[in-house]
Amino acid sequence: MFKHQHGSCEFASCREKLTYFSVTVPDVCGAFRDVRACDFVRFQEQVLRRMDSMKHLLQILVLLLSGLPMVSAQQAAPVRIVETYWGFDGRVTEGEFQPFSLLLDNRSDQPVEGTVSIQKVSGLIRTVGARHEVPVFLGPASRRWVQFYPLISGNLNTWEVRLQTESGLFDLGSKDQPGLVEAERLLKGNEEIRLVTVLLDPAESLQRVPTSIRHMPDDVFPPYSTATHGLHALYMDHVPDWEEPRQSAMLSWLQRGGKLHLLLDSNRQQLRFSGLLAALNEPFPEFAVGAGTVVRQDIQRNELTEEMVNAVAVRKRMQGEENLTAMSQPGWNYARKLSDDDELFQILAQLVEPKHSWFLIALLCITYVGLLYPGGWWFSRREGNRHYHSIAYVLGTVVFFSVLFIFLGQRGYGESTSFRTLMIALAEDSTHWSCLQFSQVFVTEGADCRIEDDSRQTLLASALTEESVDATIISGNTASFSSRIPPFSREPLVARSQIVLPDWEMKVAGFTVNGTELSSLALQVGRRFPFGKNTRVWMIYRDRIWPAEVDEGSGSIRPGNGRRTIAEFLGQDVDTLGFLPVGTPALKDPDAANLQHLEVQMIRRALSNSRQFYSGDIDIPADRILLLVKTDMPASCNFVVSPEMQQTGQILYLKEVPLAEGQ
């Protein structure tokens, strides 16, 4: 092959480079015989070298920018998830905080310290809602349970689990949320539901006998009473080796209305408890602990039949003629679930909505359009007006009305940063209450909001369950919610905590029952009862509800007039879709305590909170009444909020009162 040398350039190399660029060169020797041709080829070579260098630089830049995630993703996680446990029996209850337990295994010979987090996944890659975090420490080659308490909303969700350590961020996989307890009723034609009922197993036990009941390891029973909602009945045949918080949580669950069945132990002996659980040592075959019931059964676990369990766990819908008649009326959906938290948040949102003068805005819009046309056309046709007069007219009209629209349509109609709450409190004993709280933070200026609570077993969740939220949650005795809130926006929040309030010193002064009807009732309360002009009281006996009359002077509470079935009461003021009140006035005063149209919605959610699912299920036992008291939320229920803001709200108390004189 003929080669022509010119400096350091070779025409053979020129052909290769030109071929690389898809340039056809039929005769290299003839085409490039002068210096300029060779310089051109040298220029092409320099361009190629620079392109190669830039490509390498881009590769290095990409590696630098994504180096940490790539390293963390490529490295094996130092821990793995050995076992997961949802709820109490592998199912979860919608609208409640449910325990989600992960058994972590440290596979390395080094301790692991960091933070484990879970976050709900929407679709394949998008995370939604707030991120729940738990600090964790695992010794070398050790295992431990880590427990989260997410708020369950929707069925069959997926949760992403991650571990953050000094070494990086590690993906521990995704865990599918199991089905809802309520979903089984829909599959069975809305006739019955199997409530959450479990047999407690020792932590070291590997056998799950008998098969007639679902099982739960005793070391995953939550240490917070606020996480025990959704559990209906518990069977025990051994004394669990629990620390004081778990004992207290189980006792609070029982006092709140739980059903505890005590079986014989492996030696066919009755169980003997100590410490906080010593109250379970009563010798009677059946006795009450608060609003709950303890039943002793002279059988061992292997003698527990499916029929025995079904008698406790399976609840059938009430088929009372009055309930069916009431629910078949327009405005009430028979299958509608009692709890609908969206309604409460819609009402809270109304409290901070600007009160625009829509009539004036519409009138200005019509005037504005009319002044532009035909007003602009008429002005331009006037004698003596020149084209710049018409331009000035149009510009002046646009500027003038723009200022008016900015003034009338802007935010800031007396709005201020606020923290508003609707709370439902269920009595555990005379002073302890389990409170479900629906709150909304509203800010007029962007803020890093932090909500904290101590020593109240507080569980927190963002109500924005289908949106990406820049928020981090830590639940427990030292709870916090940290979020970045944009200007003029709201942050809805759900919380459950255990609060301590003064004893009402309530007792039954007298009552009369005729068949299944409560003819008369007199309650006496002490001075710590929340009297006030904004206090309203109702009584529920069996499937009937009464408004009550309160006499602060004598401290007495008596049934008033207007007795109705619960279905009739809950069916009022609800539209055909069952979402919003019908004919209720708009909120005029955001701080008004007596918001009448909240009553039905709060009571509906409160009854769902009280172990009920549908209005047809509500049937208070014949030996007690359910007292409902709606009033202003006490300051002792407030969170610590930064930046500081005013906290206002309403609270609805639910307390079961045994019908026994002197109680």
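Structure above, values below:
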read-out	value
Enumeration of residues in the range 525-548 that are more than 14 Å from LEU628 (Cβ to Cβ), touching a Gly at 6+ places or on another chain (Cβ under 9 Å) and either charged (D, E, K, R) or not in a loop (DSSP other than H, G, I, E, B) (or both)	ARG527, ASP543
Total residues in the range 633-646, condition more than 19 Å from the chain's Cα centre (by Cα) and surrounded by fewer than 18 Cβ atoms within 10 Å (Cβ to Cβ)	9
Filter result for the condition that a residue is buried (at least 21 other Cβ atoms within 10 Å of the Cβ) and closer than 30 Å to LEU607 by Cβ, over GLY179, GLY90, GLY129, GLY154	GLY129
Failed item in (1) surrounded by 20 or more Cβ atoms within 10 Å (Cβ to Cβ); (2) modelled with pLDDT of 85 or more; (3) within 24 Å of the chain's Cα centre (by Cα), with ILE625 passing the rest	(3)
Test: residue in the range 143-150 that is outside any strand (DSSP E or B) and either crowded, with 21+ Cβ neighbours inside 10 Å or in contact (Cβ under 8 Å) with a residue 40 or more places away in the chain (or both)	yes
Residues of the range 196-220 satisfying the condition of being among the aliphatic types (A, V, I, L, M), farther than 13 Å from TYR235 by Cβ and either buried (at least 17 other Cβ atoms within 10 Å of the Cβ) or within 33 Å of the chain's Cα centre (by Cα) (or both)	ALA203, VAL220
Residues satisfying the stated conditions in the range 631-663, i.e. among the hydroxyl-bearing types (Ser, Thr, Tyr) and either under 30 Å from PRO621 (Cβ atoms) or touching a Leu at 6+ places or on another chain (Cβ under 8 Å) (or both)	THR631, SER636, TYR653
When residues of the range 549-574 are limited to those that are within 18 Å of LEU598 (Cβ to Cβ) and surrounded by fewer than 22 Cβ atoms within 10 Å (Cβ to Cβ), the one modelled with the highest pLDDT	GLN572
Inter-residue pairs, beta-carbon under 8 Å, first on the phi > 0 side of the Ramachandran plot and in the range 87-98, second among the aliphatic types (A, V, I, L, M), 6+ apart	GLY87/VAL196; GLY95/LEU151; GLY95/ILE152
Residues within the range 209-229 that are part of a strand (DSSP E or B) and of a type in the set (A, V, I, L, M), tallied	1
Verdict on SER519 being under 30 Å from PRO135 (Cα atoms), at pLDDT below 95 and not hydrophobic (A, V, I, L, M, F, W, C)	no
Residue in the range 529-551 that is among the aromatic types (Phe, Trp, Tyr), farther than 30 Å from ASP341 by Cα and outside the structural domain of TYR224 (by TED's automatic domain parsing) present	no
LEU169 vs. criteria touching a Pro at 6+ places or on another chain (Cβ under 8 Å), in contact (Cβ under 8 Å) with a residue 40 or more places away in the chain and assigned by TED's automatic domain parsing to the domain that holds GLU307	yes
Filtered residue count, the range 108-130, keeping only those that are without any contact (Cβ under 8 Å) to a residue 60 or more places away in the chain, touching a Gly at 6+ places or on another chain (Cβ under 8 Å) and either among the polar types (S, T, N, Q) or more than 13 Å from PRO78 (Cα to Cα) (or both)	1
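The values are calculated or read from the model by the stated rules, or taken from the named source; none is laboratory data. No experiment lies behind these values; they were computed from the predicted model shown. Backbone-built Cβ (ideal geometry, glycine too); neighbour counts: all protein chains shown.
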